[in-house]
1. Among the residues of segment A:560-578, are any β-branched (Val, Ile, Thr), within 14 Å of chain B (Cβ to nearest Cβ) and assigned to a helix (DSSP H, G or I)?
2. What are the pairs with Cβ atoms under 6 angstrom where one residue, in segment B:178-194, is more than 13 Å from every other protein chain (Cβ to nearest Cβ) and the other, located anywhere, is part of a loop (DSSP other than H, G, I, E, B) and of a type in the set (D, E, K, R)? Sequence gap at least six, or different chains.
3. What are the pairs, 6+ residues apart or on separate chains, where a residue within segment A:504-530 that is within 14 Å of another protein chain (Cβ to nearest Cβ) and more than 30 Å from A:Val377 (Cα to Cα) has its Cβ under 9 Å from a residue that is among the aromatic types (Phe, Trp, Tyr) and part of a helix (DSSP H, G or I)?
4. Please identify the pairs in which a residue from segment B:200-229 that is touching a residue at least 12 places away in the same chain (Cβ under 8 Å) and within 14 Å of another protein chain (Cβ to nearest Cβ) has its Cβ atom under 7 Å from the Cβ atom of a residue that is assigned to a helix (DSSP H, G or I) and surrounded by fewer than 18 Cβ atoms within 10 Å (Cβ to Cβ), counting only partners at least 6 apart or on another chain.
5. In segment A:300-319, what residues are buried (at least 18 other Cβ atoms within 10 Å of the Cβ) and hydrophobic (A, V, I, L, M, F, W, C)?
6. Restrict the check to segment A:424-447 and report whether at least one residue is in contact with a Gly (Cβ under 8 Å, 6 or more places away or on another chain) and of a type in the set (Phe, Trp, Tyr).
7. Out of everything in segment B:342-366 that is farther than 13 Å from A:Phe528 by Cβ and within 9 Å of chain A (Cβ to nearest Cβ), what residue ends up being surrounded by the most Cβ atoms within 10 Å (Cβ to Cβ)?
8. (1) more than 21 Å from B:Leu127 (Cα to Cα); (2) away from chain A (no Cβ under 14 Å); (3) surrounded by 14 or more Cβ atoms within 10 Å (Cβ to Cβ): which one isn't true of B:Phe12, the others all being true?
Amino acid sequence: MPKDQSKIRNFCIVAHIDHGKSTLADRIMDVTETVSKREAKEQLLDSMDIERERGITIKLTPVRMNYTYNGEQYEFNLIDTPGHVDFTYEVSRSLKACEGAILIVDASQGIEAQTLTNVYLALDNDLEIIPVINKIDLPSARPDEVKKEIEDVIGLDAQTAPLVSAKEGIGIEEVLKQVIELLPPPKGDYDKPLKALIFDSYYDSYKGAVSFIRIFDGKVRAGDKIKFFATGKEFEVTEVGVFTPRSTPVDELSAGDVGYLCASIKNVSDTKVGDTITTAVGGAKEPLGGFKEVSPMVFCGIYPTDGARYNDLKDALEKLKLNDASLMYEPEVSTALGFGFRCGFLGLLHMEIIQERLEREFDLDLITTAPGVSYNVVKNNGETLIVSNPSNLPPAGDIDHMEEPVVKAFLYTPPEYVGAIMELCQDKRGTFIDLTYLESTRVKIEYEMPLNEIIYDFFDSLKSHTRGYASLDYEIIGYRESDLVKLDILLNGEICDALSLIVHREKAYARGRGIAEKLKEVIPRQLFEIPIQAAIGGKVIARETVKAMRKDVLAKCYGGDITRKKKLLEKQKEGKKRMRQIGSVEVPSEAFMTILKFNK
Amino acid sequence: MSAAGIYVHIPFCRSKCAYCDFVSVCEGEEKQRLYIGALLREINTGRKIFDGVADTLYIGGGTPSCLYDGAVESIVGALGDSFDLSLREFTVECNPDTFTQTKADELKKAGVTRISLGVQSLDDGVLKRAGRRHDAATAMQAVRLAVKSGFDVSADLMLGLEGQREDDVDAFVGFMADEGVTHLSAYMLKVERGTPLARAVDDGLILPSDDDCADLYDRTVSKLKEHGFSRYETSNFCKDGKRCLHNMKYWTMCDYLAFGVAAHGKIGRLRYYNDGDVDGYIRAVAQGIHAYRTEEVLDDEEELKEYVMLGLRLEDGVDVGEAERRFGIPFEERFADGLKKAAGYVLFDGRTLRIKPEYALVANAVINMFV
């Protein structure tokens with residue numbers, strides 16, 4: 001039976017970190033009596049520790065709420081969104097599942113950089129936006145100025161923006177009133193063929209891959225035969241349901257609904273975010289727009305610090321992959337680090353999250369090599385290789401040329417940082433494309449840049465150059481020929497393959513010098529002198545030396561206290577376990593990370 | 001079975017040095033008497049755990065020389081009542097500021113043969129900054145008094161003190177050699193957590209670097225050599241064969257009994273330790289509770305590990321034959337891996353295993369290749 005879509009509101013909340021997104025979501029659930037506070041913490045809020053600590057959402061967790069207003073019963077679907085450039089595509093799909101968004105701005109902080117990307121994404125998806133001024137209970141609150149900022153910077157009418165303290169529960173009803181009055185209801189057609197957008201998915205060991213969907217047209221029930229546009233695969237629906245926020249089965253999901261769908265799908269990579277589901281027979285002719293195949297852009301080697309835990313690492317990656325279709329991995333072997341995996345990620349944050357989850361949830365100690373991108377290598381004989389591990393690069397003499405991925409980068413910034421940003425982009429081998437004043441206080445700059453420069457330390461540099469005010473978004477536009485070289489690091493005369501990098505020739509000297517200096521700091525002195533060299537081909541371009549250790553001896557043993565001496569030695573020995581033996585040199589695991597964090 | 005050693009700990013000092021994290025308190029005679037009372041009582045119960053011969057006695061601290069008159073004699077008396085003493089060496093640690101003529105006479109009378117003087121430096125500035133109570137002149141006087149009184153004299157030199165330079169080392173070694181000191185211990189300052197020194201370092205105090213310390217040590221070794229001293233352990237030097245017999249027992253894993261708070265003993269495979277503070281010790285002994293509360297029984301592996309760890313600090317090195325007898329192992333086979341790793345750093349001829357002299361100061365790194 002068709003539902004009264006005029007009583008449905010699908011919306012999300014967008015905000016800068018710490019402006020109170022989760023707290024407001026909690027309050028809305030309190031007011032709509034959806035779940036207890038304690039459950040709210042477990043359910044709506046980000047479920048992973050890492051997400052909570054970093055204040056970002058990775059997995060999207062929607063919730064359905066009921067609210068009575070002017071005697072009418074309304075149904076709200078609140079969809080949470082991640083807030084990082086790595087996941088821009090996922091955010092855009094979540095936004096597409098909504099008709100409106102609540103924009104939270106902190107009453108004392110005002111508009112901040114991270115707010116903007118998501119606001120623009122919301123506007124791109126034609127969402128209606130309700131600005132909300134939060135934290136008005138703070139003594140430093142300046143709601144009027146912040147309202148003006150919203151009008152000036154984003155161009156939204158903020159005069160009627162609710163003044164809220166999510167913490168104190170002030171103004172929540174006003175927010176819900178505006179959700180009902182200002183956000184449009186969905187306008188799907190129940191009788192048309194099914195069109196459902198997948199905006200997320202996760203793996204459940206009993207139900208298989210579960211898709212989070214928004215129904216645009218038509219309806220779906222258990223027993224229906226459905227088809228995925230992207231893969232063409234067909235499945236029989238085993239269950240549909242809604243989030244209360246617990247997964248609760250229902251008979252039917254229909255136009256305007258947000259819910260989930262299970263169909264005994266074994267692999268999350270069959271439920272691609274952004275794909276459209278329709279019925280296998282008599283289905284829609286065209287999918288919903290905007291689907292993109294996401295592919296990993298950033299690669300690194302991941303090795304267990306303790307080689308004996310290779311199989312544990314393998315199991316852990318398999319488990320994570322079940323829930324994360326964008327994670328790629330394949331086995332690789334390094335002379336320095338032994339057996340491990342070359343892994344592919346959406347971006348740097350995605351990489352860091354996976355590393356942290358491997359370490360925390362699976363209790364693994366990891367060594368990670370510097371992140372890189374994948375290159376097209378065209379050999380003299382015309383053959384083209386795709387190389388993401390510097391060690392797999394053919395000898396320089398066999399290479400005709402190499403190509404690297406290039407992105408179009410969009411940078412949003414207040415005008416005062418334009419100079420700093422352009423300088424930074426030039427330094428990162430960027431090509432200037434365009435500069436537009438969006439408002440008097442906001443500029444959009446476009447550059448074409450090698451991805452390899454972006455993943456290196458661009459994001460951090462950008463933040464520090466602009467006091468956090470600039471935001472970045474980028475899209476891959478293709479591969480370009482580039483003068484790239486393999487930079488090797490030699491420890492005591494031996495190449496350490498795990499430290500090799502592919503860099504632009506012009507950057508090689510600076511990188512080589514920087515890495516050698518950094519390694520000198522992190523490699524402890526040993527019984528002999530250790531030369532650290534950076535080399536291109538056979539040519540050494542930088543050299544540092546770790547001097548031989550001269551003092552490593554125990555202090556006086558007071559009154560025959562041998563036990564204390566022994567403990568000290570054992571502690572030293574324990575420390576050595578975290579070292580990797582590279583040839584004759586002991587290298588601490590952190591050394592492999594330092595070249596990743598290196599700032600010039 | 002070789003004879004055992006006896007260690008007695010005196011946890012009193014007139015003041016606490018900035019770098020010290022050892023058990024020592026500044027207390028008057030009343031508390032000292034209580035402590036000695038407990039100590040004598042503990043000694044009386046010692047018979048139960050040991051009935052062999054003891055041939056070295058070492059009273060350390062703290063500052064044993066700051067004890068009230070007669071205390072040392074009472075300790076020796078109690079030990080004599082409980083054990084078969086046949087002392088070849090009887091050492092008392094003294095600080096220059098409390099080592100007076102009266103003290104020297106008293107110790108002589110008690111049978112002391114050897115005085116270990118905590119001189120540490122002969123640079124007034126360095127001494128003052130380290131929080132030592134004495135100056136160079138006092139120290140020199142004490143050294144002369146000890147030698148004149150007929151004791152074997154050992155002097156402690158600390159390396160790496162704030163502002164210390166090589167000329168301090170030169171002056172120190174030169175003076176000691178000239179005055180007839182026959183033993184010298186040269187330890188490097190270690191900044192222990194929780195000490196005033198550690199706080200000062202946190203607040204920006206700059207101490208000589210590891211390399212500076214290594215320079216000071218190398219200087220000490222070469223100066224001592226010039227004056228006829230030889231190194232017999234990483235930090236210990238002597239001439240005329242005047243090794244510290246008691247300390248040798250630690251390094252060769254002989255038995256030693258321990259009495260007093262914070263004292264460590266070893267009998268056979270048992271290592272034991274009187275932990276807690278002075279008051280706790282006095283209470284425990286008064287209640288007739290066995291004073292030592294921490295003990296560890298070494299297994300074969302641990303004992304062998306310690307034997308090698310300690311032996312490698314000695315100039316004589318690890319006695320391979322002795323190790324094979326004691327632990328019933330084929331030494332070369334058991335340590336094949338370590339011998340391979342340490343090949344460039346040790347001397348091994350099948351009978352002894354020694355660290356090459358030039359690597360004495362990085363002994364830990366070498367020892368870790370074996371244990």
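1. First pass over segment A:560-578, keeping only residues β-branched (Val, Ile, Thr): A:562-563.
Next cut, within 14 Å of chain B (Cβ to nearest Cβ) only: A:562-563.
Subsequent filtering for residues that are assigned to a helix (DSSP H, G or I) retains A:562-563.
Yes: segment A:560-578 contains one or more residues that are β-branched (Val, Ile, Thr), within 14 Å of chain B (Cβ to nearest Cβ) and assigned to a helix (DSSP H, G or I).
2. These pairs meet every condition: B:Thr182/B:Lys239; B:Thr182/B:Asp240; B:Thr182/B:Lys242; B:His183/B:Lys242.
3. These pairs meet every condition: A:Leu527/B:Tyr359.
4. Correct list of pairs: B:Leu207/B:Val201; B:Asp215/B:Glu166; B:Leu216/B:Glu166; B:Arg219/B:Glu166.
5. A:Cys300, A:Ile302, A:Leu313, A:Ala316, A:Leu317
6. Yes, because at least one residue in segment A:424-447 is in contact with a Gly (Cβ under 8 Å, 6 or more places away or on another chain) and of a type in the set (Phe, Trp, Tyr).
7. Only one residue tops the list, namely B:Leu361.
8. Of the numbered conditions (1) more than 21 Å from B:Leu127 (Cα to Cα); (2) away from chain A (no Cβ under 14 Å); (3) surrounded by 14 or more Cβ atoms within 10 Å (Cβ to Cβ), the odd one out for B:Phe12 is (1).
The values are calculated or read from the model by the stated rules, or taken from the named source; none is laboratory data. Note that the coordinates shown come from a computational prediction; the quantities given were computed from them, not determined experimentally. Note: ideal-geometry Cβ built from the backbone for every residue, glycine included; neighbour counts use all protein chains shown.
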